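Trainee: The structure that follows is given in the form of C-alpha cells.
We did not get these values from a lab; they are worked out from the coordinates using the rules stated. Since we're looking at a predicted model, the values are computed, not measured. In this analysis, Cβ positions are derived from the backbone assuming ideal geometry, glycine residues included, and neighbour counts consider all displayed protein chains.
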C-alpha cells in the first residue's frame with residue numbers, strides 16, 4: 001500500500017503543467033492565508049505579469065487562469081479603470097470561456113470611470 005501511494009505521489013509531481021503559473025499559485029495561497037494591502041498586491045502582481053510577458057515566447061504556455069482578472073480587479077480598486085479594462089481584455093483573450101464575466105467587469109470599470117469623471121468635473 002505504501003509503495004502505491006509513493007508511486008502515485010511521484011507520478012503526480014512529474015506531471016507537466018498546462019499553464020504558466022510562475023509562483024502565482026503559491027502567491028495566491030499565501031495572500032489568502034495572510035492578506036496583503038493593495039500596494040503589496042500591486043507590486044507582487046505586477047512582478048508576476050512582467051515576468052510572464054517578458055519571456056521569449058509567452059504563448060508556449062498560457063498565463064494561469066485568473067491572474068489578469070485578479071490584476072484588473074486590483075487596478076479598479078486603485079481607480080485605474082483604463083488599465084483594468086486592458087487586463088480584463090487580456091484575460092478574455094487568453095481564456096475565452098471567461099468572456100461573459102470579463103465583459104461585465106469591463107462594463108463595471110467603464111461605469112466607475114464615468115462616475116470618477118463626473119466627480120472630478122464638479
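Trainee: What percentage of all Cα-Cα pairs in the range 18-121 are separated by more than 24 Å?
Mentor: In whole percent, the long-distance tail amounts to 26.
Trainee: Given contacts defined as C-alpha pairs under 8 Å and at least six residues apart, what's the relative contact order of the range 18-121, whole-number percent?
Mentor: Value for the range 18-121: 24 percent.
Trainee: Still on this structure: How far is the Cα center of the range 20-80 from the Cα center of the range 87-122, in Å?
Mentor: About 18 Å separates the Cα centre of the range 20-80 from the one of the range 87-122.
Trainee: Using a simple spin-label model with points 7 Å from Cα along the Cα→Cβ vector, what separation in nm is obtained for residue 55 and residue 30?
Mentor: Output for this residue pair reads 2.0 nm.
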